[in-house]
Amino acid sequence: MESINTNTEFNELNELDDLRQQINALKNKVDQQGRLNESLVKKAIQSKMKSVHGIIIKLAIVAIACVPFYILMKYQVGLSWPLTIATIVMMLGSVTSDYFINRIDVSHMGDDLVETANKLVKMKRNRVIGQRIGISAVLLWLIWFCYEYFAINSAYGSAVAWGGIVGIVVGAIVGGLIGLRIFNKMQRTNDEMIDQINELTREQ
């Protein structure tokens, strides 16, 4: 009888040990899966942020390339130096603003997912503020530019002056629509990164 009890206890101990091993194996598997998911999310948000930085670099190149073009136009049309300086400052200010708003160390993005998500949310908010300031500045610049352009070209006839202004306004609207599309794309990319982080943190 005592031998039966001993064997029963031994079998129970073996079953408990097997169960413990299974639980540990399952836990290790879950931990490995969690680390794998976190690594995949980290790589994904780094890739998305690199694409955003690529857009910013292209916009900066376009803005800087427009500076000598505008100076050339200043001499051809006869625009004032105050307007020219304001235009250059606005272009360079836009480049600088984009740099600081989207500045983030891509190589360390995802090391701390919560901190990364907070930075992305802040980036979105600052982008909205920057866009509002930019739109206001462009509208003021457009009024100033049209005023000077009309004053200079009205001597050649109102039709010539108004034709140039219409072309300028249409160009500004097209540029604004392109800028809005780029803005929405960057905001959408931020949303995707934030959603990925939130999904992963909920799973953990």
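Pull up the stretch 114-125, narrow it to residues that are of a type outside the set (G, A, S) and open to solvent by less than 50 Å² (accessible area, probe 1.4 Å), then point me to the one that is farthest from the chain's Cα centre (by Cα).
Our first condition is that a residue be of a type outside the set (G, A, S); within the stretch 114-125, this holds for 114-116, 118-125.
Now restrict to residues that are open to solvent by less than 50 Å² (accessible area, probe 1.4 Å): 116, 120, 123.
Numbers: T116: 13, L120: 8, M123: 7 Å.
By that ranking, first place goes to T116.
How many residues does the stretch 56-76 contain that are under 23 Å from G179 (Cα atoms) and without any contact (Cβ under 8 Å) to a residue 12 or more places away in the chain?
Residues in the stretch 56-76 being under 23 Å from G179 (Cα atoms) and without any contact (Cβ under 8 Å) to a residue 12 or more places away in the chain: 8 in total.
Given the criteria open to solvent by 50 Å² or more (accessible area, probe 1.4 Å) and β-branched (V, I, T), does V95 qualify? Spell out the reasoning first.
Numbers: open to solvent by 50 Å² or more (accessible area, probe 1.4 Å): no; β-branched (V, I, T): yes.
The answer is no for V95.
Taking only pairs six or more apart or across chains, which ones have beta-carbon atoms under 6 Å, a first residue in the stretch 44-55 that is closer than 14 Å to F100 by Cα, and a second residue that is surrounded by 12 or more Cβ atoms within 10 Å (Cβ to Cβ) and hydroxyl-bearing (S, T, Y)?
V52/T189
Out of the stretch 44-91, which residues are open to solvent by 40 Å² or more (accessible area, probe 1.4 Å) and not in a helix (DSSP H, G or I)?
Hit for the stretch 44-91 is G78, nothing else.
When the residues of the stretch 97-123 are narrowed to those that are charged (D, E, K, R) and in contact with a helix residue (DSSP H, G or I) (Cβ under 8 Å, 6 or more places away or on another chain), which ends up farthest from F183 (Cα to Cα)? Before the answer, list the steps.
Going through the stretch 97-123, the residues charged (D, E, K, R) turn out to be 98, 103, 105, 111-112, 115, 119, 122.
If we keep only those that are in contact with a helix residue (DSSP H, G or I) (Cβ under 8 Å, 6 or more places away or on another chain) as well, we get 98, 111.
Numbers: D98: 11, D111: 26 Å.
Within the stretch 97-123, the match that is farthest from F183 (Cα to Cα) is D111.
Looking only at residues that are without any contact (Cβ under 8 Å) to a residue 12 or more places away in the chain and farther than 12 Å from M123 by Cβ in the stretch 98-109, which one is most open to solvent (accessible area, probe 1.4 Å)?
Among those residues, the one meeting the criterion is H108.
The values are calculated or read from the model by the stated rules, or taken from the named source; none is laboratory data. None of the values given here were measured: they were computed from a predicted structure. As a convention, Cβ positions derive from the backbone with ideal geometry for all residues, glycine included, and neighbour counts pool all protein chains shown. Side chains included, ligands, DNA and RNA excluded: accessible areas come from the protein's heavy atoms. Shrake-Rupley method; radii C 1.70, N 1.55, O 1.52, S 1.80 Å.
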